[in-house]
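Below is one structure; the comments refer to it alone.
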Amino acid sequence: MRNYVFKRLLQLIPILLGITFLSFAMMRLAGGDAISYLYESRGTAVAQEIIDAKKVELGLDKPFIIQYLTWLAGMLRGDMGISYVSNKDVFQTLTSKLPATLLLTGSAIVWTLVIALPLGIISAVRHNRIVDYLIRFFSFMGNSMPNFFAALLLMYVFSIRFKILPVITSGNTLVSLILPTATLVVSMAAKYTRQVRAVVLEELNKDYVIGARARGVKGSVIVFKSVLRVSMLTILTLLALSIGSLLGGTAIVENIFMWDGVGKLAVDAISMRDYPMIQAYVVWMAIIYVLVNLVTDILYHLLDPRVRLGGDRL
Amino acid sequence: MTDHVTQRRQKVVRSHTGARLIFFLILAGCLLLAALFAEHLCPYDPYAQDLSIAMQVPGPDHLLGTDRYGRDMLSRVLIGGRTSIFATLILVAVVTVTGTGIGVISAWKPGPVDTVLMRISDLFLAFPSLVFALAVAGVLGGGVQNAILALALVSWPKYARLARSQTLVQKSSTYIMAARLSGSSDLQLVIRHILPNIAGPVLVTAVLDIGTMMMELAALSFLGLGVKPPMAEWGSMMSDGRSLLQSVPWMILAPGAAIFMTVMIFNLLGDTIRDYLDPKERTKG
């Protein structure tokens, strides 16, 4: 087990180097005109000398690989440069907004589990009955709904039509968390219900379930004692994989509901061409994603005796 | 709880799937035709502004109302559909072709080529896809082509991996060995035997992805990183109506419902094609 964790941590190094390199290269490809854009957006015409001087100041005149290494060394110290727009420290700005996004993501995951787990299980147990068809119908609808449309619909119904929730709240309060969470949950729960259903259904078709039924074990006991215990690992893994689309989804949802997290920060940074900020956002989202997947993989190994003892993955 | 599907029942299910497949194919075909001939279907010029009839409630003259510049919403949804649907189809085609190409090459040439290609695809898979696409589209500066490029960049690894694993399976089968022994060249083997045999799963994945890609493309446009106004496109039309949600909700509802229904039709089509081609999935329900 310890060897496995160690091996996985070693494999992490090239991936992290790749992520940082790719993010850096991408921003540098467009880096030059960021400066002219910066001055243009202030509405002043500037001489080439000033642009060149700014380039030297930002280290944009050095060879590419040197720039990358300098940036990487800075990143390890928590220094990811200074925002082109606000002139504030990028890393600090990002970390100050991160808790809000994590809160939103966390509450979306919790509610997805609360909704999708029971629905998926019911749907599988009542396979091809009316309940199953109903649940499948709604999960299909949720799956085909773009999250910005869901967001605007929810906003229209709850804030404008029935005035239950405020359209825009000042700051991140619990009330303002409701609609963004609901938006993310619509598509996530829809997708996840389908996955839970498929996993449980597959498990229900295995021989040991037939055996247990033949011996007269009650259906509910089979589902909760055996089937769920076995399926739980796959179900959790699928949830971890969906973190990726969730992180992308927060960018849109935060933007619509003015939720003050990293997603909104990133979209604002993109429209202002604030490259260091975009860079920091991309790198950190990727790192979070990779780490979540790593932890899930390790947990998988830790919890599943088949994988743990067999040595190989399933 | 377990249903043992008998031969007879299987036939019945199959014929249902066939009928469903034809039904959804026709629906999708209608969508494509509507997109193709959008300008002939438009009751008004989708770009003609007339402030005297701005923000009109849906009614007999303007079935879906008018937007803030007095442009007919129905015409805009129709013409916007062309941009949305064709941009998505181009995106899916580009991703499928490049991804499959890379995957087949990777499986065909084990060793350094395979390793390098697969490590690159690992790298792209390490990013949350929409986050990366947002950044790429942002850096490239928006526009339809750039949005397509950004999404293509994050979506190809999935196809490369699928094509690679499928090719590896085919490659070791006896019929390939027989074809090789009877003198087929590598290129002939790939084009005549490998590609037709891996086409099924790749095609299913591609059709199932149309809906997702359409939503992602519209999301980029919604954030101002895809199609730029005044060009009509569903995502950018919704972004246009966002600030007027309170007074002119149909500016959101019309294009939103259009995306929703189109995505649903393509998702249903994808599911049906999968059921049709893969009986194992079908018995699972």
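Of note:
- Residue B:265 being of a type outside the set (S, T, N, Q), buried (at least 23 other Cβ atoms within 10 Å of the Cβ), over 24 Å from residue B:99 (Cα atoms) and under 15 Å from the mean Cα position of the chain (by Cα): no
- Only one of the listed residues (B:189, B:123) is open to solvent by less than 50 Å² (accessible area, probe 1.4 Å), without any contact (Cβ under 8 Å) to a residue 12 or more places away in the chain and more than 30 Å from residue B:229 (Cβ to Cβ). That residue is B:123.
- Subset of the range A:61-102 (residues that are under 30 Å from residue A:180 (Cα atoms), assigned to a helix (DSSP H, G or I) and open to solvent by 30 Å² or more (accessible area, probe 1.4 Å)): A:91, A:92, A:95, A:96, A:97, A:98, A:99, A:102
- Evaluation of residue A:270 against (1) within 14 Å of chain B (Cβ to nearest Cβ); (2) among the β-branched types (Val, Ile, Thr); (3) under 13 Å from residue A:5 (Cβ atoms) (one fails), failing number: (3)
- Any hit, the range A:219-232, residues being out of contact with any strand residue (DSSP E or B) (no Cβ under 9 Å at 6 or more places or on another chain), away from every other protein chain (no Cβ under 14 Å), buried (at least 17 other Cβ atoms within 10 Å of the Cβ) and under 14 Å from residue A:109 (Cβ atoms): no
- Verdict on residue B:231 being within 14 Å of another protein chain (Cβ to nearest Cβ) and touching a residue at least 40 places away in the same chain (Cβ under 8 Å): no
- Among the residues making up the range A:103-118, those that are in contact (Cβ under 8 Å) with a residue 24 or more places away in the chain and surrounded by fewer than 23 Cβ atoms within 10 Å (Cβ to Cβ) are A:103, A:105, A:107, A:109, A:111, A:113, A:115, A:117.
- Check on residue A:182, in a helix (DSSP H, G or I) and touching a residue at least 24 places away in the same chain (Cβ under 8 Å): yes
- Qualifying residues in the range A:21-30 (those that are at pLDDT 85 or above and within 11 Å of chain B (Cβ to nearest Cβ)) - the one surrounded by the fewest Cβ atoms within 10 Å (Cβ to Cβ): A:25
- Residue A:302 being assigned to a helix (DSSP H, G or I), open to solvent by 60 Å² or more (accessible area, probe 1.4 Å) and either in contact with a strand residue (DSSP E or B) (Cβ under 9 Å, 6 or more places away or on another chain) or modelled with pLDDT of 90 or more (or both): no
- Verdict on residue B:198 being among the β-branched types (Val, Ile, Thr), buried (at least 18 other Cβ atoms within 10 Å of the Cβ) and closer than 29 Å to residue B:73 by Cα: no
- Within the range A:64-121, the residues that satisfy the criterion of being more than 20 Å from residue A:277 (Cβ to Cβ) and among the aromatic types (Phe, Trp, Tyr) are A:64, A:111.
- Matching residues, the range A:233-267, being out of contact with any Ser or Thr (no Cβ under 9 Å at 6 or more places or on another chain), within 10 Å of chain B (Cβ to nearest Cβ) and of a type outside the set (A, V, I, L, M): A:255
- Residue within the range A:299-313 that is within 14 Å of another protein chain (Cβ to nearest Cβ) and either touching a residue at least 12 places away in the same chain (Cβ under 8 Å) or β-branched (Val, Ile, Thr) (or both) present: no
- Contact map, the range B:242-265: first residue closer than 13 Å to residue B:215 by Cβ and more than 9 Å from chain A (Cβ to nearest Cβ), second residue among the hydrophobic types (A, V, I, L, M, F, W, C) and buried (at least 18 other Cβ atoms within 10 Å of the Cβ), Cβ cut-off under 6 Å, separation 6 or more or different chains; pairs are B:258/B:77; B:258/B:234.
- Filtered residue count, the range B:126-155, keeping only those that are within 11 Å of another protein chain (Cβ to nearest Cβ), within 22 Å of residue B:230 (Cα to Cα) and not in a helix (DSSP H, G or I): 2
- Counted residues, the range B:45-79 - those being among the small types (Gly, Ala, Ser), buried (at least 17 other Cβ atoms within 10 Å of the Cβ) and part of a helix (DSSP H, G or I): 1
- If you go through the range A:234-281 and keep only what is outside any helix (DSSP H, G or I) and either closer than 27 Å to residue A:296 by Cβ or open to solvent by less than 20 Å² (accessible area, probe 1.4 Å) (or both), you end up with A:242, A:259, A:261, A:274.
- Selection status of residue A:210, of a type in the set (Val, Ile, Thr), without any contact (Cβ under 8 Å) to a residue 12 or more places away in the chain and open to solvent by 10 Å² or more (accessible area, probe 1.4 Å): yes
- Among residues of the range B:85-113, those that are touching a residue at least 40 places away in the same chain (Cβ under 8 Å) and either of a type in the set (D, E, K, R) or surrounded by 18 or more Cβ atoms within 10 Å (Cβ to Cβ) (or both), counted: 14
- Qualifying residue in the range B:157-175 (condition: within 17 Å of the chain's Cα centre (by Cα), within 14 Å of chain A (Cβ to nearest Cβ) and not polar (S, T, N, Q)): yes
- Residue in the range A:125-150 that is surrounded by the fewest Cβ atoms within 10 Å (Cβ to Cβ), counting only those that are in a loop (DSSP other than H, G, I, E, B) and more than 9 Å from chain B (Cβ to nearest Cβ): A:129
The values are calculated or read from the model by the stated rules, or taken from the named source; none is laboratory data. Every value quoted in this text rests on a predicted model; they were computed, and no experiment measured them. Neighbour counts are summed over all protein chains in view; Cβ atoms, including those assigned to glycine, are modelled from backbone coordinates with ideal geometry. These area figures cover heavy atoms from the full protein model, side chains too; ligands, DNA and RNA do not enter into them. Shrake-Rupley method; radii C 1.70, N 1.55, O 1.52, S 1.80 Å.
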